[in-house]
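Novice: Sharing a structure, written as structure tokens. Questions coming.
The values are calculated or read from the model by the stated rules, or taken from the named source; none is laboratory data. What you see is a predicted model; the values in this text were computed from it and never measured. Note that we place each Cβ from the backbone using ideal geometry, even for glycine, and neighbour counts take in every protein chain shown. Note: areas computed on protein heavy atoms with side chains; ligands, DNA, RNA excluded. Shrake-Rupley method; radii C 1.70, N 1.55, O 1.52, S 1.80 Å.
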Amino acid sequence: MSTPVSPVRVRMAPSPTGSPHVGLVRTALFNWAFARHHGGTFVFRIEDTDKERSTDESLSSIIDLMRWLGLDWDEGPEVGGPHAPYKQSERSDLYVDALAKLKGSSFTYDCYCTTDEATARRKAAGSKVQGYDGFCRELSQEQVDAFLADGRQAVVRFRMPDGSITWNDLVRGEVTFETEFVPDFALARANGDPLYTLVNPVDDALMEITHVLRGEDLLSSTPRQIALYEALKEVGIAKATPDFGHLPYVMGEGNKKLSKRDPEAHALAYRDKGYLPEGLLNYLALLGWSIAADRDVFSLAEMVEKFEIGDVVANPARFDLKKADAINASHMRLLPIEEISHRVLPFLKADGVVGDPVSDADAQLLELAMPLIGERINKLSEASALLAFLFVDEADFEVDAEDAAKQIGEAGIPVLQASYDALEALSTWSTDAIQTALQTALVDGLGLKPRNAFGPVRVAVTGRRISPPLFESLELLGRDRSLGRLQRALA
RNA sequence: GCCCCCAUCGUCUAGCGGCCCAGGACACCGCCCUUUCACGGCGGGUACGCCGGUUCGAAUCCGGUUGGGGGUGCCA
């Protein structure tokens, strides 16, 4: 696909209801990457027409999410822009105006039917099509008067044209609907409130959106929108019909769309679980797109360079947490240790491993300790468990009971005693000296396999079977605390 | 029911007529490295839903079929 001629303008238009979904992130990412790749504009618009369900809390969590991910928008909340406001709840006058213009055209008509009446007629006629049947398309004045006299209020309905509607979908190719299967649809409620069917295209038109990249669930509403666009152009609201591209679903377990019920669906939870934004984004990008045949770890910048909407596949993808973890881990290994330290800090604070603010002593210790665990953690949140033993007050130091049971039993006591004696005799407290001393005492002296020799020491001193490298850990812990913990384990 | 979309390893995908008795990644299973855990390295198994057609030649094109998904609101 070549670079579009007109400047690209794309948008993400979430409804601020509930906790943001990873599917939203994927859609946002593809729109963002498309805009950045083409040097276009990425618009962030809020579709809060549903007053019942929209919340400020949801909106701010979407904003937090986007900020965390680093998906920046050129127009929208907090940054403004030439098409402000970007919240639909603040754009009512625009919709009233659009509705008025449309009502003055032949593209719409007033409809007095109830849903039940329409369904009953369809049924009676034995129609295969469901939805509105066009009954009110050509009402006589007498009929209108009768409805009015009956106290009925009209909804504004859009008159679908005859024939078929075809568009060249950016990810699926040519798609055609016969309009006989696309019933006339309501643009506004009887009370005048505009509906999504109206506001979404109107805002896209007003904001001059050139490409609509959205979920595949909107595929079947596209013919209606394309027909509406013709009307909007006619009444002077739209300049052009955008191109459409329908992104495949993100599925959960089984064959269901990943729902808000699934814990994996909540995008912000990944931040709290210690994922890197670049890891999550990279994984999500893989759901429907690939950068190359033999690669799947890449940066956002690389994605921007290579992203083509035409390369997006049309089939739905299953969300695989294991792979998300693996991709995240790869990104973790790509970060310099200082950067990991920097990002791990909030987790250490939250877990109470270090104070807030961090004392100079702890900061120093951290700088020495981080290189030991950098390659050992796959998420930022995993650092606390590995480092806690270094920072904890001696009084609060605890050995994991299960690990102790496995490593320090009858057999462990002589090992710990020998270790204590060897270390106690040390004049230089360094990793090398410690290693030599323990090696000599346990492996050579007691004839133990390294595994059996160092296991008990590890548990006694770090409190767990899983820890940073032992000798380095001992050095960082220091002579007094190391010997003290051995003694405690012996007691 | 009707309309639309989709269809390669368990999963995400590469493949856009011969380079493919199908490549990569995750997961899985062995082995190596190794003081634990990771990391890293090596090796292994597993896929073109089915039936026709086009073609010298099809995972790739066409038709059908089956299966899955979505839509069918005065929801978005």
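Novice: Which distance in nm do the two modelled labels at A:ALA395 and A:ASP64 give, with both placed 7 Å along the Cα-to-Cβ direction?
Specialist: 3.5
Novice: A further question on this structure: So if each residue of separation counts as 0.36 nm, and I subtract the Cα-Cα distance between A:LEU218 and A:ALA491, what length gain in nm does that give? Walk me through the intermediate numbers first.
Specialist: On the way: separation 273, 0.36 × 273 = 98.28 nm, distance 6.84 nm.
Residue separation times 0.36 nm, minus the Cα-Cα distance, leaves 91.4 nm.
Novice: I need to check one value: relative contact order of chain A, counting alpha carbon pairs closer than 8 Å and at least 6 residues apart, in percent. Could you put the intermediate results ahead of the total?
Specialist: Details: 724 pairs, mean separation 61.8, N = 491.
Computed over chain A, the figure is 13 percent.
Novice: Still on this structure, I have one more. Compute the long axis of helix A:92-103 from its Cα atoms, compare it with the longest principal axis of the Cα atoms of chain A, and write down the angle in degrees, 0 to 90, nearest 10.
Specialist: Approximately 30 degrees, to the nearest ten.
Novice: Measure out, as a whole number of angstrom, how far apart the alpha-carbon centroids of the range A:387-402 and the range A:167-188 sit.
Specialist: Taking the Cα centre of the range A:167-188 as reference, the centre of the range A:387-402 is 63 Å away.
Novice: Go ahead and run the numbers for FRET between A:ALA240 and A:ALA411, Cβ-Cβ distance against an R0 of 56 Å, rounding to 0.05.
Specialist: Given R0 = 56 Å and the Cβ-Cβ separation, E is 0.10.
Novice: Still on this model: For a distance above 24 Å, tell me the whole-number percent of Cα pairs in the range A:1-143 that qualify.
Specialist: Looking at the range A:1-143, the distances longer than 24 Å represent 53 percent of pairs.
Novice: Using R₀ = 56 Å, calculate the FRET efficiency as 1/(1 + (r/R₀)^6) where r is the Cβ-Cβ separation of A:GLN143 and A:GLU253; round to 0.05.
Specialist: So, using R0 = 56 Å, E works out to roughly 0.60.
Novice: Also: Please work out the C-alpha center-to-center distance from the range A:207-262 to the range A:74-101 and express it in whole Å.
Specialist: 19
Novice: Residue by residue through the range A:361-374, what is 3J(HN,Hα) from phi via Karplus (6.51 cos²θ - 1.76 cosθ + 1.60, θ = phi - 60°)? Round to whole Hz and write x for glycine and proline.
Specialist: 5, 5, 4, 5, 4, 4, 4, 7, 7, 4, x, 6, 10, x
Novice: I've got another one for you. For A:TRP73, enumerate residues with amide H under 5 Å from its amide H, sequence gap 5+ or separate chain, H modeled in the peptide plane.
Specialist: For A:TRP73, whose amide H was placed from the backbone, there are no distant partners under 5 Å.
Novice: Sticking with this one: Quick one: angle between helix A:412-424 and the longest Cα principal axis of chain A, in degrees between 0 and 90, rounded to 10, please.
Specialist: On a 0 to 90 degree scale, this one is about 70.
Novice: Dividing the Cα convex hull volume of the range A:193-344 by residue count, how many Å³ per residue is that?
Specialist: 164
Novice: State the answer as a single residue: which of A:SER127, A:ALA383, A:ASN282 lies farthest towards the positive end of the charge dipole of chain A, with beta carbon charges of +1 for Lys and Arg and -1 for Asp and Glu, about the Cα centre.
Specialist: The Cα lying farthest towards the positive end belongs to A:SER127.
Novice: Continuing with the same structure: List the GluC sites (Glu not before Pro) in the range A:359-456 that DSSP assigns to loop (not H, G, I, E or B) and whose Cβ has at most 12 other Cβ atoms within 10 Å. Which are they?
Specialist: Listed in order of number, the matching sites are A:GLU398, A:GLU410.
Novice: What Cys residues in chain A are without a partner cysteine, judged by a Cβ distance under 4.7 Å?
Specialist: Result for chain A is A:CYS113, no neighbouring Cys Cβ within the cutoff.
Novice: Right, something else. Using a 1.4 Å probe on the protein heavy atoms only, what accessible surface does A:MET12 show? Give it in Å² to the nearest 10.
Specialist: Near enough 10 Å² of accessible area.
Novice: Relative contact order of the range A:25-155, please, whole-number percent, based on alpha carbon pairs below 8 angstrom and at least 6 residues apart.
Specialist: Contact order relative to length: 20 percent.
Novice: Same structure again: With a 1.4 Å probe and every protein chain left in place, tell me how much accessible area A:ARG295 has, in Å² to the nearest 10.
Specialist: Near enough 90 Å² of accessible area.
Novice: Pairs of alpha-carbon atoms within less than 8 angstrom and 6+ residues apart define the contacts here; what relative contact order does the range A:159-251 have, in percent?
Specialist: Values: 126 pairs, mean separation 31.2, N = 93.
With pairs under 8 Å counted, the relative contact order is 34 percent.
Novice: For the range A:411-491, what class follows from the C-alpha gyration tensor (a ≥ b ≥ c being the square roots of its eigenvalues): rounded when a/c is under 1.5, otherwise prolate if a/b is larger than b/c, else oblate?
Specialist: On the way: a/c = 1.24, a/b = 1.09, b/c = 1.14.
Cα axes put the range A:411-491 in the rounded bin.
Novice: For each pair in A:LYS51/A:LYS256; A:LYS101/A:LYS233; A:LYS101/A:LYS239; A:LYS257/A:LYS322, compute the distance between the two Cα atoms and list the pairs where it is over 20 Å.
Specialist: Over 20 Å apart, Cα to Cα: A:LYS51/A:LYS256.
Novice: Here's a follow-up. To the nearest 10 degrees, how steeply does helix A:450-462 sit against the main Cα axis of chain A, on a 0 to 90 scale?
Specialist: 70
Novice: For the range A:57-73 and the range A:432-491, what is the separation of their C-alpha centers, rounded to whole Å?
Specialist: 46
Novice: Which of the three applies to the range A:38-108, rounded, prolate or oblate, going by the alpha-carbon gyration tensor with a ≥ b ≥ c and a/c under 1.5 meaning rounded?
Specialist: In terms of gyration-tensor shape, oblate.
Novice: To the nearest 20 debye, what is the magnitude of the charge dipole of chain A about its Cα centre, counting +1 on the Cβ of each Lys and Arg and -1 on the Cβ of each Asp and Glu?
Specialist: Roughly 960 debye, rounded to the nearest 20.
Novice: Once every DSSP H run of n ≥ 4 in chain A is given -39500 (n - 2.57) and the sum is divided by its residues, what mean residue ellipticity at 222 nm do you get, rounded to the nearest 500 deg cm²/dmol?
Specialist: Result for chain A: -13500 deg cm²/dmol, rounded to the nearest 500.
Novice: Kirkwood hydrodynamic radius, chain A, all distinct C-alpha pairs: what's the number in Å?
Specialist: 27.2
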